[in-house]
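Participant: Structure below; questions to follow.
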Amino acid sequence: MHALRIDPDATVTDLNLPAADAQSAIQEHLGSDAVDHGVYHRRAVLHIHGNGQYLGLPQNLAAWALRVRGAA
């Protein structure tokens, strides 16, 4: 599975996740078992740390902008 990791500093990393266990790989990259997701496009889903705000993680404005654009 092809994925892009967008960090809060807007760094983008190209990832190839194992299709058989993509959910576990996503959780590992996000550092959390609590993963929220939103549909960005019919062929793209945005996954975010489910407890990021509660934990005081930095805002990911680049990812947020993609989510807002996808919701439109």
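The values are calculated or read from the model by the stated rules, or taken from the named source; none is laboratory data. Note that this is a predicted model, so its numbers are computed, not measured. Because the Cβ atoms are built from the backbone with ideal geometry, glycine has one as well, and the counts that use them run over all protein chains shown. Side chains included, ligands, DNA and RNA excluded: accessible areas come from the protein's heavy atoms. Shrake-Rupley method; radii C 1.70, N 1.55, O 1.52, S 1.80 Å.
Participant: For the stretch 1-54, list the strands (runs of 3 or more DSSP E) that sit wholly inside it and hold at least 2 residues that are farther than 17 Å from A65 by Cβ and either open to solvent by less than 60 Å² (accessible area, probe 1.4 Å) or touching a residue at least 12 places away in the same chain (Cβ under 8 Å) (or both); which are they?
Facilitator: Details: elements: 2-6, 12-16, 35-41, 44-49.
Filter on the stretch 1-54 gives 2-6, 12-16.
Participant: Also, I was wondering about something else. Of the residues in the stretch 22-32, how many are farther than 18 Å from G52 by Cβ and at pLDDT 85 or above?
Facilitator: 2
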